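Asks: Input: one structure, supplied below.
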Amino acid sequence: MYYLGIDGGGTKTVFALADERSNILRRVTLGPTNPVDIGIEAALSTLGEGISQVVQGMNPCEVSVFAGIAGGITGDNQTRIRAFLDALGFAGADNGSDAQNIVSAGLGREDGICTIMGTGSVTFVQHRGESIRLGGYGYLFDEGGNGYTIGRDAILACLKAEEGSGETTVLRELLLQTINAPTVLNALSVFYDGGKKQVASYAPLVFEAYDRGDATAARILQKNMKCVAKSLCDAKNKMQATRAIQVVLAGGLTARADVLIPMIREQLQDGAAYDIRVLQQPPVTGALWLAGMPREEI
């Protein structure tokens, strides 16, 4: 038996084929497959291309597949992707969201908490074989702890500094250099036209300003990590743990875990109750496990 794991996102999609010993035989990386962003037909086209490349020359009835796709459970996307996979004749086929890949890669079958801090944020509790989702309502409703809210808070701080109602901040200088505009106010249309991804792209500027000792940047990060700590507390309340709870952090913001994890711990009243670490396995490994690849071989 062979196992095909697919991790599809808004910028790239990774296809990995493994054998029963968990050896990766082939790996292919193509463009985005989020059907919410590019449409279901375009997503299925990319999925078909990647699958064709990675299982070329093989009998599909010897392959079990799991496809975790961003936007893959929105509307009827899950049904349509599943029908597409079923039509290819795999021995077994299942699909869901890319978040399932991350939770699988981070926790396996163990109880614990997985918090994803990317453009948006969401927390999953895995307890006694059940999965509970907390948050992840999209940028209009997320309270914080993600690239979008950090970027938004940075822009707002710069606007307030510019109009004189906020404190002076290095962030304004960094933002103006990035957007190549005379004032932040002049760039409002750029922020609105660019949408959530562009706003989130300014989050690294906050870390740069923080590294330079900027107090405003520090407050923005602390405010957002307070939201993460709150989500961990809410998640812990869903469990009946007798020892420190595994907490896996994933997503782009974990590139600065050196800054963020201490901030999160500062906000937790019972920090010793959480064993916090950053996701080490690539999400596509989680997809392979969900496809049925033996975990004990890892």
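Asks: Which one of 25, 30, 47 is within 19 Å of the chain's Cα centre (by Cα) and either open to solvent by 20 Å² or more (accessible area, probe 1.4 Å) or under 21 Å from residue 82 (Cβ atoms) (or both)?
Replies: 30
Asks: Looking at region 257-281, which of the residues that are among the hydrophobic types (A, V, I, L, M, F, W, C) and assigned to a helix (DSSP H, G or I) is most open to solvent (accessible area, probe 1.4 Å)?
Replies: This residue is 272.
Asks: I need the full set of residues from region 227-255 which are in a helix (DSSP H, G or I), of a type in the set (Gly, Ala, Ser) and open to solvent by 40 Å² or more (accessible area, probe 1.4 Å), in order please.
Replies: Within region 227-255, 252, 255 qualify.
Asks: Determine if region 111-124 includes at least one residue that is open to solvent by less than 10 Å² (accessible area, probe 1.4 Å), closer than 27 Å to residue 20 by Cβ and in a helix (DSSP H, G or I). Write out each step before concluding.
Replies: We begin by selecting, within region 111-124, every residue open to solvent by less than 10 Å² (accessible area, probe 1.4 Å); these are 112-115, 117, 123.
From the residues that got through so far, the ones that are closer than 27 Å to residue 20 by Cβ too are 112, 114.
Checking the rest, the ones that are also in a helix (DSSP H, G or I) come to none.
No, there is no match, as no residue in region 111-124 is open to solvent by less than 10 Å² (accessible area, probe 1.4 Å), closer than 27 Å to residue 20 by Cβ and in a helix (DSSP H, G or I).
Asks: Additional query: Tell me, which residue of region 200-254 that is in contact with a strand residue (DSSP E or B) (Cβ under 7 Å, 6 or more places away or on another chain) and among the basic types (Lys, Arg) is nearest to residue 178 (Cα to Cα)?
Replies: 236
Asks: While we're on this one: Would you point out which residue out of 128, 152, 133 is surrounded by fewer than 21 Cβ atoms within 10 Å (Cβ to Cβ) and touching a Phe, Trp or Tyr at 6+ places or on another chain (Cβ under 6 Å)? I'd like the intermediate steps shown before the answer.
Replies: Working: 128 fails: touching a Phe, Trp or Tyr at 6+ places or on another chain (Cβ under 6 Å); 152 fails: touching a Phe, Trp or Tyr at 6+ places or on another chain (Cβ under 6 Å).
Criteria check complete, one pass: 133.
Asks: To continue, here is another question. Find the residue count for region 72-96, including only residues that are under 26 Å from residue 278 (Cβ atoms) and open to solvent by 20 Å² or more (accessible area, probe 1.4 Å).
Replies: 1
Asks: Report, by residue number, each residue of region 67-92 that is in a strand (DSSP E or B) and more than 16 Å from residue 50 (Cα to Cα).
Replies: Step one: list which residues in region 67-92 are in a strand (DSSP E or B), which gives 67-69, 92.
Result: 92, single match.
The values are calculated or read from the model by the stated rules, or taken from the named source; none is laboratory data. Because the structure is a prediction, the values reported are computed rather than measured. Positions of Cβ are generated from backbone atoms using ideal geometry, with glycine treated the same way; all protein chains shown enter the neighbour counts. For accessibility, only protein heavy atoms count, side chains too; no ligands or nucleic acids. Shrake-Rupley method; radii C 1.70, N 1.55, O 1.52, S 1.80 Å.
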